[in-house]
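One structure is given here, and the rest of the page talks about it.
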Amino acid sequence: MKKTVLLFVLFITASLLAQEVRSVQFFSDYSMPNVKRLNVNKIDAVGGGLKISFKIDEDSDLDFNFGYQLFSIQQDSALARWNWDFWEIRYKNRIASDLIERPGLAVSLNPIQKMDVYPVYLTLSHRVKITDGLKIIPKIGGGLMFYTRRMYLEEEWQKRFDSTFTFEYSYRNFATNKIGNPIFVTMGLTIDYSIGDYIDISAGSEFRHIFRTPGKFGFDQFVFNDALSVKLGITFLY
């Protein structure tokens, strides 16, 4: 993974060194994966990021994109699918034993999953002028999606001592993380509108497809194949 990151950073650096900065954009986004994997039944994300556009010619740019997205995940049989050694080898048997041996003891177990994603990628974009202030900008590109998928077990315990007194407590039991950096391609369309000589506001959408690389780049534990993002941004022109 370290070699992959280094090579990718060197490629981006070499691509951008000789270019002239045209604009810098800050954006927020909302993502909705539509082809899910690993028995995930619900997933979405909020996030944001930065795009720096380097001039190729009067109407075309090379864009460096970096972002962060926080995914919330609901997955069938999440605990069983995680392959968490502590749970599989030790903890679930201990819970089962305690519930049998201690009358009045009860527990509720709720696995919670989140995934932090840092997409880093290059796109080629082209401006199509509609009016003096309005532009349509299609783009295409690709890069890496660095992720950390994490899960914790939300435990709520009850111990009933008699008909009038019940002791309750809860805590979070954190599993080992899953990490990777799958490769993806992207295409999108943005509408930009000028509100001054140096500021544009924008709205757009972007489709991302993850390459199938079984056994490599953390693909096996990544939870979707395709996703659609909608974005809102503000662009500062140079």
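So what is the diffusion coefficient of the stretch 192-238 in µm² per second by Stokes-Einstein at 20 °C and 1.002 mPa s, using a Kirkwood Rh over Cα pairs?
Once the numbers are plugged in, D ends up at 160 µm²/s.
For the pair ASP59 and TYR193, how long in nm is the line joining their label points, each one 7 Å along Cα→Cβ?
Rounded to a tenth, the inter-label distance reads 2.2 nm.
Using θ = phi - 60° and the Karplus form 6.51 cos²θ - 1.76 cosθ + 1.60, what ³J(HN,Hα) does each residue of the stretch 141-156 get, whole Hz, x for Gly and Pro?
Each residue's phi maps through the Karplus curve to give x, x, x, 10, 10, 7, 9, 10, 9, 10, 9, 10, 9, 8, 9, 10 Hz.
Pull up the cross-link candidates among the lysines for LYS55, meaning alpha carbon to alpha carbon under 17 Å and not fewer than 8 places away within one chain.
The qualifying lysines are LYS129, LYS135, LYS139.
Any idea what the dipole of the chain comes to, in debye rounded to 20, about its Cα centre with Lys/Arg Cβ at +1 and Asp/Glu Cβ at -1?
In total the dipole reaches around 760 debye.
Say the dipole of the chain comes from +1 at the beta carbon of Lys and Arg and -1 at that of Asp and Glu; which of PHE54, ASN225, LEU189 then lies farthest toward its positive end?
ASN225
With just the Cα atoms defining each centre, how far is the stretch 146-202 from the stretch 64-109? Give it in Å.
Taking the Cα centre of each part, the stretch 146-202 and the stretch 64-109 sit 16 Å apart.
Set the Förster radius R0 to 45 Å, insert the Cβ-Cβ distance between ILE112 and ALA203 as r into 1/(1 + (r/R0)^6), and round the FRET efficiency to 0.05.
0.90
Take GLU206, GLU88 and order them by how many other Cβ atoms sit within 10 Å, fewest up front.
Placing the least packed residue first, the sequence is GLU88, GLU206.
Between ARG81 and SER28, what length in nm is gained on full extension when 0.36 nm per residue of separation is reduced by their alpha carbon distance?
Difference between extended and current length: 15.9 nm.
On alpha carbon coordinates alone, what is the Rg over Rh value for the stretch 102-238, Rh being the Kirkwood radius?
1.26
Against the globular-protein guess of 2.2 N^0.38 Å, express the Cα radius of gyration of the stretch 76-168 as a ratio, rounded to two decimals.
2.07
Hey, could you grab the Kirkwood Rh for the chain? Inverse mean 1/r over distinct alpha carbon pairs, Å, one decimal.
20.6 Å
Tell me the angle of helix 2-16 to the major Cα principal axis of the chain, expressed in degrees between 0 and 90 and rounded to the nearest ten.
20 degrees
Against the longest principal axis of the chain, how steep is helix 92-101, in degrees 0 to 90 to the nearest 10, with axes from Cα atoms?
So the inclination is approximately 30 degrees.
Quick note: the coordinates plus some simple rules give every number you see, no bench work behind them. Everything numeric in this text was worked out from a predicted model, so none of it was measured. A quick note on method: Cβ atoms are made from the backbone with ideal geometry, for glycine too, and the neighbour counts reach across all protein chains shown.
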